[in-house]
Amino acid sequence: MSKIDGGPPDYKKLLPPIITENYGQWKYHEIPRAGVLKHVSEKGDTLYSVRVGSPRLVSIDYIRDICALADSYCDGYLRFTSRNNVEFLVSDEGKVEPLIKELEAKGYPIGGVGNALSNIVHTQGWVHCHTPATDASGIVKAVMDDLYEYFGRTDLPAKLKVAMACCLNMCGAVHCSDVAILGVHRTPPRVDHEKIRKGTEIPTLVAACPTGAIRPDPKNKSVVVNEERCMYCGNCYTMSPAMEILDAKNDGIAILVGGKVSNARTAPSFSRLVIPFLPNNPPRWPEVTAAVRHIVETWLNNARKGERVGEWIERIGWERFFSLTEIPFTDKHIDDFIFSRETFRTTAAFKY
Amino acid sequence: MEKGPANPEVKEKVLAYLDTVEKAKSKEIAAKISVPKADVDLAVKELAMEDKVEYLYITTTFVALKGKVKPPQ
Amino acid sequence: MPDKKTPKLDELEHGPWPSFVTEIKKAAVRNESAKDLLNLLERSYDDKRGHWKHGGIVGVRGYGGGVIGRYTDLPEEYPHVAEFHTMRVNAPSAWFYKTETLRTLCDIWEKHGSGLTNVHGSTGDLIFLGMKTEELQTTYDELSDAGFDLGGSGSCLRSPSCCVGPARCESACYDTLDVCYDLTSSYQDELHRPMWPYKFKFKMSGCANDCVAAIARADCSIIGTWRDSIRIDQDQVKAYAESGLDIQGMVCDKCPTRALKYDHEKKELHVIAEDCSRCMHCINVMPKAVRPGKEKGATILLGGKSTIVQSAFLSWVIVPFMKMEPPYTELKEMVAKIWDWWDENGKTRERLGELIYRMGMTKFLREVGLPPVPQMVFRPRANPYVFWPQDEIVK
Ligand code: HEM
Ligand code: HEM
Ligand code: HEM
Ligand code: HEM
Ligand code: SF4
Ligand code: SF4
Ligand code: SF4
Ligand code: SF4
C-alpha cells in the first residue's frame, strides 16, 4: 500500500537556481513591457517573468506544450499565479524576446501585469458542479474575448480584476473584485416528494438548510420549503437530488462591482450589486459581455490615474455611478438582508 | 503531534453507534457514546485505515460504516 | 456511434482568448469521458442547466477528503461520465514547478482519467477533473509513489496557499512559502481527516497587497507587515522625480494617512513614521525608492468567509504583529487554542467567523487568551451595553 500523508512536493526543490540564490534578496521590479516583470536582486541578478493567460480548464496536452516552452527558454522552470496565469521564469535576458515571439506565434495571450486586466478567476459551472445557475468557463471565455485588448496593456487607470462564480456558494474570490459576475438562482427548490420518500434522510435534509427554510412534513413523509426564507443556496440539493434547485427559465447572472482585496490606499472592500439579473444566453452571453464592457469603459473614461473601480465610485459617489452608467436603480439594489442598515445613507449630503 | 494508537474500546463503541444510524459527525458520536471527541477522531482515523468506516462530504463531513451510504441513483 | 455535433460550444472556439472547448476537444481525441463531457456540456448549453449530481464519496483509503464525488443525471445518454469525480492534488508552495514534475502528473493522469485538469482550482490545488470510482485508489497510489499527496475537501483544514513572497517579490515581509509548507506538513491529520464543524482555510500573503486574497478567502489570514518605519532611498526618489513621476500627486496625495511630505526643491520624500498605516501604496508606486521597514512579521486576521450563511465576512485583526520565524510556535499555539474553541462551540457548518460573531468577540478573546488592543477595531463601540464579567463587579 502506498504511504499516506506525504504532503505536497517540497517547493525548495522546484525553485529555479536564480531564485534559490536570491531568495528574500529581491530589491525592486519593473514592467519593461506588457505581461513581463523584471526583478532585480541585491546582487544585481535579473529574473524575467513572462505572464500568459490560460483558460484554467486545460488538457494535459496544454501542460506538455508549456513544459516544452519552459524547457527551451527557462531551463525547465515555471510557475502559476493564483489567477490562472502561467509564468515563464527566464533568467537569461537574451531568451525573453525569442520566448515572446514563440508565444505570440502560438496564440498565447501575454499580459495581466501591472495596470492591466488580469485573467478572470472562476469556478466550475456546468462543466462540473451540481448547483450552478450558469456556466463559468463559457462566460469567462466570452468576456475575455471581448476585453482582450485590456489584458495586454499597462496603461489602465489601475489594476482591473474580474471574477466569476456560478452560484451563491461563490467558490472563487468573487466578492472582492472590481467586477464580479455571479450566477444566481431566483426560485426555491421544487420538492419531488416521490424521490424524498424513496430514501432521503429527512432530519439531515432539514438540518442542511442554512436558513431553516425546510420543515419536515410527517403526514406526507416529505418536507415543505418555506419559500420566504430560502436564499437559493442549493445546499438541500447537495443533500438530496429530490430538491430540484436548477431552473432554466429563471437562473441567470448578477453583476457586482467595486470590490478590492489589497490594503493599498483604501481598506479591502466588497463588490456591490449593480445589475441584479441578466439572462443566461449561451454560448456567448452577449448581455453579460456588453454590461461588463460598458462598466469597464465608463471607468476608463472617468477614473483618475491610480483609481481602482471601487475607489473611483467611492469618490464620485454611487449615485453618480448610476447616473453615469445609466444603469437603472431599483428596489433590488437596496439591501434587505441582515446587515443592511450600514448601507443606508445617514446624511443629507449627496449628489444626483 | 504523535497521538499514539486509538483505544480499542472506543473503536468498538464507534462501530456500534454507527450501526444504529446512517451517518454521523464525530462530535455527535462523541456525545452519544460519552467519550472525548479527540479519542473518537483518532478511532475513526484507524477505522478508516482498516476500511471499516468511511468519510462522506455532503455539505459537511460525516462518518459512516463503509458502504452504508450509496451513491445517488 | 458517430460523434455528436456541438455547434454551441464550437462558437466558443472563436476569438483571441484561449478556449477551454479546444482543450476539452484535445482530451476527447484520446478519452471517451472527455468526449462525453463535451457532449454533456453542449446539452447544458441547450437546456441552460447543469447535469451533475453530488455524491458523498471523498477519497481513498485513510483519507477523509481530496475527492469530490460527481455523477451525471443522464447516465444512459452519457455513460462515460456516469462517474466523473474530481481529485485535488496538493500543489507546491506558490505553485512553482519543474517541467518534469508536471510531466509526471500528466503521465499519471493520462492513464487514469479524462486528461482534463484545472491548473489550478480556486482551492489552490491542482485539479484532476473527471475519473471513475474504480480509478481513485490506483491513481492515488501512483501519485503518492511519485511524491504527491491529496489536498483537502470537506470539514477539514483546506490546502493552505500563499503568494510568491520572498521567492520573487521585494515586498515580502516573511517567508510565505515556508509557512505554507510548514503548516501543510504539520497539519496532515487536520488536512486529510475532517473532524470539525466545517472547513478552515489559511492563506498567506507576504504584504498588505495581499496577492492571494487572504483577507477575503481565509478563516485565518496571515498578512506580512513591519513594526518600524518604511525606508526611503533619497537618490532613487530623485531618479523617479527626474523620470517624470508626479510624486506629490501620485504618491503623497494618495497616501491614506497623509504621512508623506515631498520637498520639490530638494526632490526628497519624508515620512511621518507614526502616521503611516503600512498600506503599501507608496512602495507599490516607487519600489526602488521606498521599502518596508526592517522589523518584519505578520498581522494575523480571523474570520473571513463567503456569503453562506450570515453574509460574507472579511477577516479582522486579532494579532497586529507577530514575528514569523520557524518553527512558528507562537502561531501554532494560538491556532491550537482557536481550533479547540471552535470545535467545542461551533454548530455544524458554522465557520469560525460566524461563531465569533454569534458568541461575541470579547468572549472569544477571553476564552482563547488574546489581549484586546485598539488595532482590532476601526473605532470603539458607540453603545454602553457592556456585559460585565461577574469577577469585575463589586460584590
Ligand atoms: C454549502 C455550500 C457549498 C457547497 C454545497 C459547495 C460545493 C462545492 C462543490 C461540489 C465543489 C466542487 C466543484 C467541482 O469540482 O465539481 C466546490 C468547489 C469549491 N468550493 Fe464549494 N461549496 C459550498 C460552499 C463553498 C463556500 C462557502 C466556499 C468559499 C467561500 C467554497 C469554496 C469552494 C472552492 C474554492 C471550490 C473550488 C472551486 C473551483 O476551483 O472551481 N464552497 N464546492
Ligand atoms: C457578488 C458577490 C460575491 C461573490 C460572487 C463572492 C464570491 C466569493 C467566492 C467565490 C469566495 C470563495 C473564495 C475561495 O475560497 O476560494 C468568496 C469568499 C469570501 N467572500 Fe465573497 N462573494 C461575494 C460577495 C461577498 C460579500 C458581499 C462579502 C462580504 C460581505 C463577501 C465576503 C467573502 C469572504 C469573507 C470570503 C472568504 C472566503 C472563504 O470562506 O474562504 N463576499 N466569495
Ligand atoms: C444607561 C442608560 C441611560 C441612562 C441612565 C440615561 C439617562 C438619561 C438622563 C438622565 C437623561 C436626561 C433627562 C433630562 O433631564 O432631560 C436622558 C435623556 C436622554 N436620553 Fe438617556 N439615558 C440612557 C440611555 C440612553 C440611550 C441608550 C439613548 C439613545 C439611544 C438615550 C437617549 C436620550 C435622549 C435622546 C435624551 C434626551 C431627551 C431630551 O432631550 O428630552 N438615553 N437620559
Ligand atoms: C448612555 C447613553 C446615552 C446617553 C446618556 C445619552 C444622552 C443624551 C442626552 C442627554 C441628549 C440630549 C442632549 C440635549 O438635549 O442637549 C442626547 C441627545 C442625543 N443622543 Fe444621546 N445619549 C446616549 C446614547 C446615545 C446613542 C447610543 C445615540 C446614537 C447612536 C445617541 C444619539 C443621540 C442623538 C442623535 C441626540 C440628539 C442630539 C441633538 O439633538 O443634536 N445617544 N443624548
Ligand atoms: S460556485 Fe456554486 S456552482 Fe460554482 S463550483 Fe461553487 S458550488 Fe458549484
Ligand atoms: S436552497 Fe438553500 S435556503 Fe433554499 S431551501 Fe434549499 S438549503 Fe434552504
Ligand atoms: S502579497 Fe505582497 S509579498 Fe506577496 S506577492 Fe503580493 S506584493 Fe509580493
Ligand atoms: S505605506 Fe501607505 S500609509 Fe504608509 S506612507 Fe506609504 S502610502 Fe502612506
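Descriptive notes on the structure:
- The condition of being of a type outside the set (A, V, I, L, M), at pLDDT below 95 and either open to solvent by 40 Å² or more (accessible area, probe 1.4 Å) or away from ligand 7 (no atom under 16 Å from the Cβ) (or both) does not hold for C:Pro256.
- Sole residue being more than 10 Å from chain B (Cβ to nearest Cβ), free of Cβ contacts under 8 Å to residues at least 12 places away in the same chain and in a helix (DSSP H, G or I), chosen from C:Ala28, C:Ala94: C:Ala28
- Matching residues in segment B:15-39 - criterion: being more than 7 Å from chain C (Cβ to nearest Cβ) and in a loop (DSSP other than H, G, I, E, B): B:Val21, B:Glu22, B:Lys23, B:Ser34, B:Val35, B:Pro36
- Some residue of segment A:243-262 being more than 27 Å from A:Asp145 (Cβ to Cβ) and assigned to a strand (DSSP E or B): yes
- Tabulated pairs, segment C:374-386, first polar (S, T, N, Q), second more than 16 Å from ligand 2 (Cβ to nearest atom), C-beta under 6 angstrom, 6+ apart or interchain: C:Gln375/C:Pro320
- Test: A:Thr200 is of a type in the set (Ser, Thr, Tyr), assigned to a loop (DSSP other than H, G, I, E, B) and either more than 9 Å from every other protein chain (Cβ to nearest Cβ) or more than 16 Å from ligand 5 (Cβ to nearest atom) (or both): yes
- Qualifying residues in segment A:190-213 (those that are hydrophobic (A, V, I, L, M, F, W, C) and without any contact (Cβ under 8 Å) to a residue 24 or more places away in the chain) - the one farthest from ligand 6 (Cβ to nearest atom): A:Ile202
- Extreme residue, nearest to ligand 8 (Cβ to nearest atom), among residues of segment C:109-167 that are in a loop (DSSP other than H, G, I, E, B) and β-branched (Val, Ile, Thr): C:Val164
- A:Ile275 outside any helix (DSSP H, G or I), away from every other protein chain (no Cβ under 12 Å) and touching a helix residue (DSSP H, G or I) at 6+ places or on another chain (Cβ under 8 Å): yes
- Sole exception among (1) over 30 Å from C:Gln188 (Cα atoms); (2) of a type in the set (A, V, I, L, M, F, W, C); (3) in contact (Cβ under 8 Å) with a residue 40 or more places away in the chain; (4) within 16 Å of ligand 7 (Cβ to nearest atom) for A:Trp26, by number: (3)
- Scanning segment A:278-313 for residues that are within 12 Å of chain C (Cβ to nearest Cβ) and part of a helix (DSSP H, G or I) gives A:Pro286, A:Thr289, A:Glu311.
- With respect to the conditions (1) out of contact with any strand residue (DSSP E or B) (no Cβ under 6 Å at 6 or more places or on another chain); (2) away from ligand 7 (no atom under 16 Å from the Cβ); (3) more than 9 Å from every other protein chain (Cβ to nearest Cβ); (4) open to solvent by less than 20 Å² (accessible area, probe 1.4 Å), A:Arg186 lacks only one, and its number is (4).
- Reported count of residues in segment A:141-160, each being more than 8 Å from every other protein chain (Cβ to nearest Cβ) and under 18 Å from C:Leu38 (Cβ atoms), is 0.
- Failed criterion for C:Lys266 (all others in (1) part of a loop (DSSP other than H, G, I, E, B); (2) open to solvent by less than 40 Å² (accessible area, probe 1.4 Å) hold): (2)
- Considering only residues in segment C:313-351 that are of a type in the set (A, V, I, L, M), open to solvent by 20 Å² or more (accessible area, probe 1.4 Å) and within 16 Å of ligand 2 (Cβ to nearest atom), the one that is nearest to the other protein chains (Cβ to nearest Cβ) turns out to be C:Leu314.
- Residues in segment C:305-316 that are touching a residue at least 60 places away in the same chain (Cβ under 8 Å) and not in a loop (DSSP other than H, G, I, E, B): C:Lys305, C:Trp316.
- Scanning segment C:373-380 turns up one or more residues that are in a loop (DSSP other than H, G, I, E, B), of a type outside the set (Gly, Ala, Ser) and over 27 Å from the mean Cα position of the chain (by Cα).
- When restricted to residues that are open to solvent by 40 Å² or more (accessible area, probe 1.4 Å) and β-branched (Val, Ile, Thr), segment A:207-236 contains 1.
- Residues that are within 13 Å of another protein chain (Cβ to nearest Cβ) and part of a strand (DSSP E or B) within segment C:269-295 comprise C:Val290, C:Arg291, listed in sequence order.
- Only residues that are of a type in the set (A, V, I, L, M) and more than 8 Å from every other protein chain (Cβ to nearest Cβ) were counted across segment B:40-62, and they come to 5.
- Residues satisfying the stated conditions in segment B:11-61, i.e. farther than 22 Å from C:Thr348 by Cβ and surrounded by 20 or more Cβ atoms within 10 Å (Cβ to Cβ): B:Lys11
- Residue in segment C:296-304 that is polar (S, T, N, Q), in a strand (DSSP E or B), crowded, with 19+ Cβ neighbours inside 10 Å and in contact (Cβ under 8 Å) with a residue 24 or more places away in the chain present: yes
- Candidate set: segment C:29-50, residues that are open to solvent by 10 Å² or more (accessible area, probe 1.4 Å) and closer than 30 Å to A:Glu201 by Cβ; chosen: the one farthest from the chain's Cα centre (by Cα): C:Asp47
- Scanning segment A:13-39 for residues that are more than 9 Å from chain C (Cβ to nearest Cβ) and either in a strand (DSSP E or B) or open to solvent by less than 10 Å² (accessible area, probe 1.4 Å) (or both) yields a count of 6.
So that you can scan it fast, the table gives a plain yes or no per residue for (1) surrounded by fewer than 19 Cβ atoms within 10 Å (Cβ to Cβ); (2) touching a His at 6+ places or on another chain (Cβ under 6 Å):
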site: C:Trp226; (1), (2): no, no
site: C:Asp235; (1), (2): yes, no
site: C:Leu245; (1), (2): yes, no
site: C:Lys261; (1), (2): yes, yes
site: C:His270; (1), (2): yes, no
site: C:Ile283; (1), (2): no, no
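- Residue within segment C:245-265 that is of a type in the set (Gly, Ala, Ser) and more than 14 Å from ligand 8 (Cβ to nearest atom) present: no
The values are calculated or read from the model by the stated rules, or taken from the named source; none is laboratory data. What you see is a predicted model; the values in this text were computed from it and never measured. Note that we place each Cβ from the backbone using ideal geometry, even for glycine, and neighbour counts take in every protein chain shown. The area values use the complete protein model at the heavy-atom level, side chains included, leaving out ligands, DNA and RNA. Shrake-Rupley method; radii C 1.70, N 1.55, O 1.52, S 1.80 Å.
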